[in-house]
Structures are given as structure tokens and as C-alpha cells.
Amino acid sequence: MDQLSKSFFLGFIKIHILHHAAKEPVYGLWLIEELGHHGYEVSPGTLYPIFHSLEKDGLLKSYKEVVEGKVRKYYRTTPKGKELLRKAKSKIQELIDEVME
């Protein structure tokens, strides 16, 4: 994905992150693969700054867990993040209705 595309789709990627992290804890590699299923080619160098930004803004909360002898950082959507996601879904529906007329 080129820089222009990455910049353009950044909001979609953030919504995907909040959506999946609201359902269950997520971690970087899983999310990179999940986003890949939707056509987003996201590297760790792109994803982790997004995680950190969302966490700094209070939309995600992280915790660490040892999995197969390695420390893995998981992310969950916070109540603030869930509220923003709810608002985003409303805006997405409005946009779909308008664009797909």
C-alpha cells in the first residue's frame, strides 16, 4: 500500500482495530493478518504507532501476557473507544446510504 493509500485508509484501519478489540483482545500479528484479509497491507511499523496513539487517546487499553514463553501485548477497546466506535458506525451507515444511492 503506498503512502497516499495508507494515509487515506488510516481511519478505516483505526475503526477495524476498535471493532475487533471490542469483541476480544487483539495483538499485532493477528491484526496484521486480519487487516490483510480486507486488503490492507499494514506493517508492524505502521500498526504499532496506531496502537500507541489509540491507547494514548484512551480508546484502547493494553496488557501483557506470556504465550508460549514469549510476552505478547494485547489490546482491548475501552468504554471511551466503544462509544467512539458506536458513533463511527452511525457515520459509516450515513456515508454508505449517501455514496451507494
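The values are calculated or read from the model by the stated rules, or taken from the named source; none is laboratory data. Remember, predicted model here, so these are calculated numbers, not experimental data. No Cβ is skipped: glycine too gets one built from the backbone with ideal geometry, and neighbour counts run over all protein chains shown.
If the condition is being among the hydroxyl-bearing types (Ser, Thr, Tyr) and without any contact (Cβ under 8 Å) to a residue 12 or more places away in the chain, then the range 77-99 contributes only Ser90. For the range 37-49, the criterion of being outside any helix (DSSP H, G or I) and at pLDDT 95 or above is satisfied by no residue at all. Here Lys80 clears all of (1) of a type outside the set (S, T, N, Q); (2) surrounded by 10 or more Cβ atoms within 10 Å (Cβ to Cβ); (3) over 18 Å from Gly11 (Cβ atoms) except the condition numbered (3). When every residue of the range 54-73 is checked against the conditions, at least one turns out to be free of Cβ contacts under 8 Å to residues at least 24 places away in the same chain, assigned to a loop (DSSP other than H, G, I, E, B), loosely packed, with under 12 Cβ neighbours inside 10 Å and on the phi > 0 side of the Ramachandran plot.
Quick one: is His19 free of Cβ contacts under 8 Å to residues at least 40 places away in the same chain, assigned to a helix (DSSP H, G or I) and surrounded by 11 or more Cβ atoms within 10 Å (Cβ to Cβ)? Explain how you work it out, then say what you get.
Values: free of Cβ contacts under 8 Å to residues at least 40 places away in the same chain: no; assigned to a helix (DSSP H, G or I): yes; surrounded by 11 or more Cβ atoms within 10 Å (Cβ to Cβ): yes.
So His19 fails the test.
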